[in-house]
Structure formats: structure tokens, C-alpha cells
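**Q** Quick one: this structure, given as C-alpha cells, is what I'll be asking you about.
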Amino acid sequence: MTPCAIDIRYRSRLVALLLLVPLALIGGSLAGLAIGRFSTAPPSYRDQRLVQIRADLRQVEGDYLLALGDSHVARWHAREFCGLPLVNGGMHGATTRDTRGLIDELALPRPPLAIILSVGTNDANRKRFREPPEAVTRFRQAFRGLLRDLSGRAGLVVIASLPRLDERQAPAFSEEAALDIAGSAETACREEGSCRLASGFGDGIALADGLHLADYERAYRAAEPGICAALPPGKRLRQNRRAEAP
């Protein structure tokens, strides 16, 4: 083979190599991008909600109220209650145990004057137990622990009673379990000195889907006088002045 032929073959291989290297780099970058896209899961609803609650807590100034619980809280959109800022820590689908886990992840800037709580509906979801008594036992244990935790973080805990389920939700939720759970919550609250029941909450308000109230703003407004009256005397003045304002 002549030197000229060898030189031509060498040059051909060199050109091919130079063409393959950029293609390999591009292919590797695309593969890495695809792997990164599939390996990094988008933030869950819980994670996003936790970020929002923490942001609201950082922004609140002075005295405030904190609402915790499931969709009966998450669907309430008020930003003020009893003349005080309200931080809504509700989370759709939360059980009593979930709410206890959530409070452990929140850095409260200072104790709220009161914590408004509504939990128990999702504990009555049929997928979480075999028989209603099992659901009630689990709820009772989790709720008493949650109530102790909240009582240590605020001077007042107010329980918003569960709306009664109707037949539209019978396949998914046990009415028997829900009724017993509501009764257990009321009993535990009465035994805790810092706990009060929200009188009038949900009374006379229809259910939108057999589970959720059609008007949560109205439901909480109905319970507002009793909740405000339970606040420390010096903190009731703002509510009284707001009510008397023209």
C-alpha cells in the first residue's frame, strides 16, 4: 500500500471520528436531560401546601389565629377572623394523624391566640379500615395526642364539628364511623380545659356533594361569636370594635 493511500485512509477515519464526537456529546446530554426529567418527581400537593403555610406564617404580624385540619378548613378562604389575621393550615384529604404530622413541621413564629381545628372526616373513609369500630379507635388515639400537642402550642383550641354525611357518600365514607368520631372528638374536647366546641358551625347549611358544606364562609361566621368570646378578654376588643364600626 502506497504512503498516499495510507494517508487518505487516516484522514477519512479522522473525519469520521470528529463527526461522531459531537453527536455522542449531544446524545449524552439529551439522555441526561431525560433521566433528570423522570428521576425528579414534581412536588406533591402536601409539599406545595406546606410551603404556602410556612410563607403565610412568616408574613403574619402580631397576634393571629391558626386553622388546621382537612378540606373543611382548606375550603375556608377567610384571611381574618375575630378581627385577627387568620393563617389557614388546612389540607385536603388530611386525617387526624396527618394533621399531627403537619404541626410538627411548622415553625410557628409565636403561639397563636387560638387554633381552630376540624378533623375526622377522612378517618371515616372506608379504605382506611375494615370495620367502623376500628376507625373510631384509631381516631380516638390520634385525636387525643393531637389535642395535647395543640394545647401546648396555643391557649385555646376550638373544634369545628363534622358536617353530617348523606347517602351520596355512603360508598366511600362510613356514616356510622363519622358519627362516632364526631362524638369522640366532642368528648375529648370537653375533658381538655383549653378546648372549646364551635357552637353553630354548619347548622342549616346544605352539603354540596354529600360531604362538604356549600358555604364555609357562612358556616364559620355562624360560629364566630362563640369563638371570639372564648379569646382572652384583652383580645376581644378588636372584634367588638369591628362589630360596632359603622
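**Q** Please go through (1) modelled with pLDDT of 95 or more; (2) farther than 25 Å from D215 by Cβ; (3) over 14 Å from the mean Cα position of the chain (by Cα) for R97 and return the number of the only condition it doesn't satisfy.
**A** (3)
**Q** Does I115 satisfy the criteria of being outside any strand (DSSP E or B), more than 16 Å from A182 (Cβ to Cβ) and either of a type outside the set (G, A, S) or touching a residue at least 60 places away in the same chain (Cβ under 8 Å) (or both)?
**A** When the stated conditions are applied, I115 does not pass them.
**Q** Sticking with this one: From the list L108, L147, L156, L113, pick out the single residue that is over 23 Å from G200 (Cβ atoms) and touching a strand residue (DSSP E or B) at 6+ places or on another chain (Cβ under 9 Å).
**A** Exactly one of L108, L147, L156, L113 is over 23 Å from G200 (Cβ atoms) and touching a strand residue (DSSP E or B) at 6+ places or on another chain (Cβ under 9 Å), namely L108.
**Q** Restricting to helices (runs of 4 or more DSSP H) lying wholly in the stretch 33-104: which have 1 or more residues that are surrounded by fewer than 19 Cβ atoms within 10 Å (Cβ to Cβ)?
**A** Passing ranges, in order: 45-59, 96-104.
**Q** Does A170 fit the bill of being surrounded by 14 or more Cβ atoms within 10 Å (Cβ to Cβ) and either over 20 Å from R75 (Cβ atoms) or at pLDDT 95 or above (or both)?
**A** For A170, the condition - surrounded by 14 or more Cβ atoms within 10 Å (Cβ to Cβ) and either over 20 Å from R75 (Cβ atoms) or at pLDDT 95 or above (or both) - is not met.
**Q** Could you please find all residues in the stretch 114-132 being out of contact with any helix residue (DSSP H, G or I) (no Cβ under 6 Å at 6 or more places or on another chain) and surrounded by 18 or more Cβ atoms within 10 Å (Cβ to Cβ)?
**A** Of everything in the stretch 114-132, those that are out of contact with any helix residue (DSSP H, G or I) (no Cβ under 6 Å at 6 or more places or on another chain) and surrounded by 18 or more Cβ atoms within 10 Å (Cβ to Cβ) turn out to be A114, I116, L117, T121, N122.
The values are calculated or read from the model by the stated rules, or taken from the named source; none is laboratory data. What you are looking at is a predicted structure, and each value in this text was computed from that prediction instead of being measured. Every residue, glycine among them, receives a Cβ derived from its backbone with ideal geometry; neighbour counts consider all protein chains shown.
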